[in-house]
Amino acid sequence: WVKVEFWAGGNKNLIENGTAGDPTYVTTSPAFEASVNNEAGTGYGRRLSGFFVPATTGDYDFFVNSDDASNLYISTTASVVNKCLIAQETTWSDPRKWVSSGGGSTLSQKRSDTWSTTAGGTAPYAAGIHLTGGSKYYMEINHTEGSGGDNCEANFKVHGAADPVDNTPSLLTGSLIGM
């Protein structure tokens, strides 16, 4: 399961710098997804957090998708202290749009293997993110919702495998995640 924290009237900048205060409420999700099929409100901030536990050692690519903007982080360990920004939803996308966008998002920024700190720059994770099977890696999405539809989700693939198909659920579920 994944922890889902919700701040009414919050935003991801406040969440990320730790000044948002206590969340309005906290719940859980069985996948690295929230509000995929329903409206959670307007003008709020949300954080999904938990662990990715890869089944096998290898190189992985990650995808983020949300309405509105979000940042996806993974840690080099189980500790939040070591988290690194690896992908961003720059505007908005409909639920589970892993490789496309309805809102004009910068598609290269939505995935770790093409994401860069300055769009168009060198992608630091172009060869995938190397992870050890069975180890826990802290993951987090910080999401801001303005108005309209809202959803927030992450997905992954083994580096070099086919991209996830739009409209399919996240693979970050079951024994691959934890709190």
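The values are calculated or read from the model by the stated rules, or taken from the named source; none is laboratory data. Source: prediction; values computed, not measured. Remember, those area values only see protein heavy atoms, side chains included, never the ligands or the DNA or RNA. Shrake-Rupley method; radii C 1.70, N 1.55, O 1.52, S 1.80 Å.
Some notes on this structure:
- Overall shape: oblate for region 87-179, with the ratio a/c of the largest to smallest alpha carbon gyration tensor axis at 1.5 or above and b/c at least equal to a/b.
- Residue ranking by accessible heavy-atom surface, 1.4 Å probe, largest first, among 2, 26 comes out as 26, 2.
- Region 30-139 - accessible surface per residue (Å², probe 1.4 Å): 39 Å²
- Entry note, the chain: the mean residue ellipticity at 222 nm calculated from DSSP H runs of n ≥ 4, each adding -39500 (n - 2.57), is -500 deg cm²/dmol after division by the residues and rounding to the nearest 500.
- Region 19-143: C-alpha gyration tensor shape, a/c 1.5 cut-off, then a/b vs b/c: oblate
- Accessible area ranking (1.4 Å probe, heavy atoms, ligands and nucleic acids excluded), largest first, for 176, 72: 176, 72.
- Here the chain exposes an accessible surface that is 55 percent carbon and sulfur, computed with a 1.4 Å probe and the other protein chains kept in place.
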